[in-house]
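Take a look at the structure set out below.
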Ligand code: FES
């Protein structure tokens with residue numbers, strides 16, 4: 001039997017598996033913590049910071065911070081909700097996200113988080129970066145205007161030899177995630193579809209397929225994002241916003 005520890009999240013005591021991450025413990029107990037870069041089953045990267053929580057008074061990422069006995073986690077507090085809202089706003093102004101014209105609208109995790117955290121108009125100045133759209137691959141389009149550099153595609157979309165079909169280029173604020181056009185030239189329909197699905201925004205789209213599902217009947221059109229809401233629990237954050 002695996003060892004366990006006790007932690008509290010917003011005052012609620014929960015039992016977590018020793019060595020697991022705060023996020024995993026929260027999910028097991030139906031406590032919602034938002035994520036963008038994290039995907040179940042692969043090593044957390046801790047890059048988007050949307051899962052920020054306060055752990056014993058310090059800001060940490062829930063997806064990549066292991067639990068420890070007695071840990072006190074603040075998650076759904078006004079302070080944390082405000083930080084998450086700012087992160088969402090920053091992601092919106094840093095790229096070119098024109099939701100009404102985006103194929104992913106209604107299925108976009110960033111857009112859905114904007115709604116959940118009550119974003120109206122970002123308080124930061126739009127950067128309107130000049131970015132290109134790579135449509136050179138036969139199966140997929142990579143729109144750099146919408147990429148939030150979560151790296152999910154790099155970590156998950158691989159060929160049978162384990163080589164990634166997406167690659168990082170440059171560093172820091174110049175970093176981009178590109179299609180490895182040599183490797184991805186023969187990408188299968190299934191893998192192309194998976195790439196479009198694991199992208200949390202509309203940066204990877206499958207070619208020859210668009211707006212199959214009408215706007216208004218998509219994943220987040222009817223229900224806000226969050227497994228707590230899917231499980232029928234009304235989220236405090238959506239109640240307040
Ligand atoms: S989900 Fe934890 S940092 Fe992105």
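Bear in mind that the values in this text are calculations on the coordinates, not laboratory data. Predicted model, so just to flag it, every value in this text is computed and none were measured. We place every Cβ from the backbone using ideal geometry, glycine too, and count neighbours over all the protein chains shown.
Overview of results
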item	result
Volume per residue that the Cα convex hull of segment 79-157 spans, once the total is divided by residue count, Å³	113
Most mobile of 144, 97, 173 in a GNM of the chain (Cα contacts under 10 Å)	173
Ranked by how many other beta carbons lie within 10 Å on average, peptides 214-222, 200-208 from highest	200-208, 214-222
Cα-based Kirkwood hydrodynamic radius, segment 89-135, one decimal, Å	11.7
Computed E for residue 8/residue 82 - FRET, C-beta separation, R0 22 angstrom, nearest 0.05	0.55
For q = 0.08 Å⁻¹, Debye-computed log10 I/I(0) when each Cα of segment 1-142 counts as one equal scatterer	-0.28
Hull volume in cubic angstrom per residue (convex hull over the Cα atoms of segment 1-45)	87
Average Cα contact separation per residue, segment 107-209, under 8 Å, 6 or more apart, as relative contact order %	32
Most fluctuating residue given options 27, 141, 83, as computed from a GNM of the chain linking Cα atoms under 10 Å	27
Relative contact order (percent, whole number), the chain, Cα cutoff 8 Å, 6+ residue spacing	19
Rg to Rh, two decimals, where segment 16-98 supplies the alpha carbon set and Rh follows Kirkwood	0.98
Overall form of segment 86-220 per C-alpha gyration tensor (a/c, 1.5; a/b vs b/c)	oblate
Residue list for segment 131-161, given a label point 7 angstrom along the Cα-to-Cβ vector of residue 185 and an amide N cut-off under 15 Å	136-140
Candidates 177, 133, 53, ranked by Gaussian network fluctuation over the chain, Cα under 10 Å, top entry	133
Shape call, segment 35-82: gyration tensor on alpha carbons, a/c limit 1.5	oblate
Expected 222 nm ellipticity per residue - DSSP helices of 4 or more, -39500 (n - 2.57), all of the chain, to 500	-6500 deg cm²/dmol
Rg(Cα) / (2.2 N^0.38 Å) computed for the chain, rounded to two decimals	1.05
